[in-house]
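Participant: Questions regarding the structure given below will be posed in turn.
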Amino acid sequence: MRLRFIELFVLFALLPMLLLGLKASGIRVAPLPILWLAMIGCLVLLWRGGKSPAATPVGERSRKNRSHALIEVVITVVVGSLLLLILYQAISDQPMFVFPRRNPGIWLIVLVLYPVLSVVPQGIVFRRWFVWRYRSILGTGTLMILVGAVCFGCSHILFGNVVAPLLTCIGGVFFMRTYLRSGSGWLADLQHALLGDIAFTIGYGQWLYAGPIN
């Protein structure tokens, strides 16, 4: 059990700090390829462990539970969007919605590709594999949600700003909660994708852009 805790700390705390250190030394770090390599590794480990990425994390869930979770997702997205609008005005001196106004074509591409290239891999690494790997030491309740959210936020420190890890840590609480309560990774991914696309539309891409970091 102690080794599992050490593994968690190394992968989700030390490794992001190492990548941040490489960035600070001038080495080019590309988060998206790193994420995809991590996803491939997690898929291999899941399959070798006899676990399908589509399987529920804590047994079968009823349709009623998923219906309730879907309603919660809708509410979370609506309320979260309003809070993102308010927060943006408090922390940024840039106008909102500049991205879709100035680059509508690229904005539409981001709306389509972000869920596929970023959300799905993150869902596999930070929800499906994470729960499968660490449920023996974290359980499947509040501790799992909080630790998973912190690890999700820590993975974003390599973007070199405070907003990215804090924002994703908060989001991680809701995404992991949705995954555990509904038993549906795809429902959590939907919630993640919608809020992410809304964040990029508002202007949070200045902190959350996942391109190469110099």
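The values are calculated or read from the model by the stated rules, or taken from the named source; none is laboratory data. All values reported here derive from a predicted model rather than from experimental measurement. As a convention, Cβ positions derive from the backbone with ideal geometry for all residues, glycine included, and neighbour counts pool all protein chains shown.
Participant: What number goes with the only condition from (1) assigned to a helix (DSSP H, G or I); (2) more than 13 Å from the chain's Cα centre (by Cα); (3) over 30 Å from Arg2 (Cα atoms) that Trp132 does not pass?
Facilitator: (3)
Participant: Which residue, of Gly80, Gly105, Gly123, Gly41, is over 25 Å from Ile170 (Cα atoms), modelled with pLDDT of 95 or more, out of contact with any Cys (no Cβ under 7 Å at 6 or more places or on another chain) and surrounded by 12 or more Cβ atoms within 10 Å (Cβ to Cβ)? Walk me through how you get there before you give the answer.
Facilitator: Values: Gly80 fails: over 25 Å from Ile170 (Cα atoms); Gly105 fails: surrounded by 12 or more Cβ atoms within 10 Å (Cβ to Cβ); Gly123 fails: over 25 Å from Ile170 (Cα atoms).
Matching residue, one of Gly80, Gly105, Gly123, Gly41: Gly41.
Participant: List the pairs whose first member sits in the stretch 158-179 and is closer than 17 Å to Ile86 by Cα, whose second member is surrounded by fewer than 17 Cβ atoms within 10 Å (Cβ to Cβ), and whose Cβ atoms are under 8 Å apart, counting only residues at least 6 apart or on separate chains?
Facilitator: Final answer for the pair search is Val163/Ile91.
Participant: So, one more: Applying the selection to the stretch 84-102, what residues are of a type in the set (Gly, Ala, Ser) and surrounded by 12 or more Cβ atoms within 10 Å (Cβ to Cβ)? Spell out the reasoning first.
Facilitator: Taking the stretch 84-102 first, the residues of a type in the set (Gly, Ala, Ser) are 90, 92.
Across the stretch 84-102, the qualifying residue is only Ser92.
Participant: Sticking with this structure for a sec: Tell me yes or no: at least one residue of the stretch 26-34 is modelled with pLDDT under 95, farther than 21 Å from Leu117 by Cα and surrounded by 10 or more Cβ atoms within 10 Å (Cβ to Cβ).
Facilitator: Yes, the conditions are met somewhere in the stretch 26-34.
Participant: Just need a number here: residues in the stretch 129-156 that are buried (at least 18 other Cβ atoms within 10 Å of the Cβ) and under 28 Å from Lys23 (Cα atoms).
Facilitator: Number of matching residues: 11.
Participant: Same structure again: Residues of the stretch 91-109 being part of a helix (DSSP H, G or I) and farther than 17 Å from Leu208 by Cβ, which ones?
Facilitator: Of everything in the stretch 91-109, those that are part of a helix (DSSP H, G or I) and farther than 17 Å from Leu208 by Cβ turn out to be Arg101, Arg102, Pro104, Gly105, Leu108.
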